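Chemist: After the structure tokens below, expect a handful of questions from me.
Bear in mind that the values in this text are calculations on the coordinates, not laboratory data. Every value quoted in this text rests on a predicted model; they were computed, and no experiment measured them. Backbone-built Cβ (ideal geometry, glycine too); neighbour counts: all protein chains shown.
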Amino acid sequence: MVKILFFILVLFQVGHAALIPSTDGLDAIYGIDERRFVDKKSSPKINELSKSIALIISKDVVEKKILFTQINAKLLSDIDGINLCRNEKFANHHTVNSCTGFLIGEDLLVSAGHCFTNASDCDSKLIAFNVQTINESKSGYTVLNQNIYECSEIVSSAFDADGTQDYAVIRLKKKVIGVKPLKLRRAGTITIDDQVFMIGHPMGLPLMVTSSAQINDISNPHFFKATIDSFEGNSGSPVFNNHTFEVEGILVRGEEDFLQDQARQCYLYQVYDPGTKESPTIKGEGVSRIRDILPFVVRNTLNDK
């Protein structure tokens, strides 16, 4: 927890406005690090789903040009104070203080509740779709203006201090053209035998997919836990059912993030034992169940596509 607060404070020092309030952590690797960038090598299905997923950033870190928007960011290995070991995965890619969101209607986006708690959050943030490694530049990311959207209003937001509910539904100022809303689970519930994967922007990195996570706790009616590799910035990421490709929930919290390498005096990603179905780990990332937002889907008469 202390390290997460430290990470956010460091981002302040390099010129990024605060975007994510501290929660119980959102950072862990379970077993083998299965995070990989979404790119032309990804499956057609992953590329299709990724079109509906956005990077949520503060307006303070962008410069709007005639045709594109520059998102200013620093390399993960260059963030003063974090001192991530330079041989760690993704250390040479750009990081920005962020959340993730995903499209559920032509102009409706879902994210974590702690990313949109009030009207100020709506006014101060931008939503950027299709931010991939191909968009990286020397100073961050270059995104076409047509892929940048603004928040018009918060339709509904819930963020309980005890983590019971954590979701936000926001309306964009314009419709997202040419992008299909993601399919949501409308009936039934996830089981302990299901597997899930996630697409999002861990630590504000380019779009990334994490696969093959086990479900290890379904006891709470508002959230479940899974051994999915996630980091700060994944807040608001859609968690998909491996079989149906429907969104099961919204990634909102998790375990500690980094572990110090005493010999080299730098930080490594924290790694946890993923456990097995027969002997599941008690560790896991918290995922808000998608059914908590279904009333707003119905109320806004979204197409079930």
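Chemist: Excluding K175 itself, what net charge comes from residues whose Cβ is under 13 Å from its Cβ, given Lys and Arg +1 and Asp and Glu -1?
Modeler: +1
Chemist: Residue by residue through segment 232-237, what is 3J(HN,Hα) from phi via Karplus (6.51 cos²θ - 1.76 cosθ + 1.60, θ = phi - 60°)? Round to whole Hz and write x for glycine and proline.
Modeler: My calculation for segment 232-237 gives 3, x, 6, 3, x, 5 Hz in order.
Chemist: Separate question: Show me 178-189, 238-249 ranked by packing, highest mean number of other Cβ atoms within 10 Å first.
Modeler: Order by mean packing, descending: 238-249, 178-189.
Chemist: Given axes a ≥ b ≥ c from the Cα gyration tensor, I'd like to know whether segment 148-195 is rounded (a/c under 1.5), prolate (a/b larger than b/c) or oblate.
Modeler: Oblate, since a/c reaches 1.5 and b/c is not below a/b.
Chemist: Tell me, what is the percent relative contact order of segment 116-222, built from C-alpha pairs under 8 Å that lie six or more residues apart?
Modeler: Across segment 116-222, relative contact order equals 21 percent.
Chemist: Would you calculate the separation in nanometres between label points at S43 and L294, each defined as 7 Å from the Cα along the Cα-to-beta-carbon direction?
Modeler: In this crude label model, S43 to L294 measures out at 2.5 nm.
Chemist: Pairs of Cα atoms under 8 Å, at least six residues apart: use those to get the relative contact order of segment 42-144, whole percent.
Modeler: For segment 42-144, the relative contact order is 39 percent.
Chemist: Go through segment 51-60 residue by residue and turn each phi into a ³J(HN,Hα) via Karplus (6.51, -1.76, 1.60, θ = phi - 60°); whole Hz please, and just put x for glycine and proline.
Modeler: Per-residue couplings from phi come out as 4, 8, 10, 10, 8, 10, 9, 6, 4, 5 Hz.
Chemist: Scan around V96 for amide H atoms under 5 Å from its own, H built in the peptide plane at 1.01 Å from N, and keep only partners 5 or more places away or cross-chain.
Modeler: Under 5 Å from the amide H of V96 lie the amide H atoms of G204, L205, each far enough along the sequence or on another chain.
Chemist: So what J values fall out for segment 102-113 if you push phi through Karplus, 6.51 cos²θ - 1.76 cosθ + 1.60 with θ = phi - 60°, rounded to Hz, Gly and Pro as x?
Modeler: 9, 7, 10, x, 4, 9, 10, 10, 10, 8, 6, x
Chemist: Additional query: In nm, what is the difference between 0.36 nm times the number of residues separating F245 and E153 and their Cα-Cα distance?
Modeler: Gain in length upon complete extension: 30.3 nm.
Chemist: Now, a different point. Can you tell me how much longer the chain between N220 and Q70 gets when fully stretched, taken as 0.36 nm per residue apart minus their C-alpha distance, in nm with one decimal?
Modeler: Full extension from N220 to Q70 adds 49.9 nm.
Chemist: Return, for the Cα atoms of segment 43-141, the radius of gyration and Dmax in Å, separated by a comma.
Modeler: Using the Cα atoms of segment 43-141, the pair Rg, Dmax is 14.8, 41 Å.
Chemist: Past 23 Å, Cα to Cα, is the threshold; run K40/K65; K51/K125; K74/K225; K40/K89; K65/K173; K59/K180 against it and keep the listed order.
Modeler: In this structure, K40/K65; K74/K225; K59/K180 lie more than 23 Å apart at Cα.
Chemist: Kindly state, to the nearest 0.05, the FRET efficiency for D123 paired with K175, given R0 = 22 Å and r defined as their beta-carbon distance.
Modeler: 0.65
Chemist: To continue, here is another question. Could you sort 227-234, 35-42 so that the peptide with the highest average Cβ count within 10 Å comes first and the rest follow in order?
Modeler: Averaged packing, sorted descending, gives the order 227-234, 35-42.
Chemist: What residues have an amide H closer than 5 Å to that of S137, excluding those fewer than 5 places away on the same chain, when H is modeled at 1.01 Å from N in the peptide plane?
Modeler: T142
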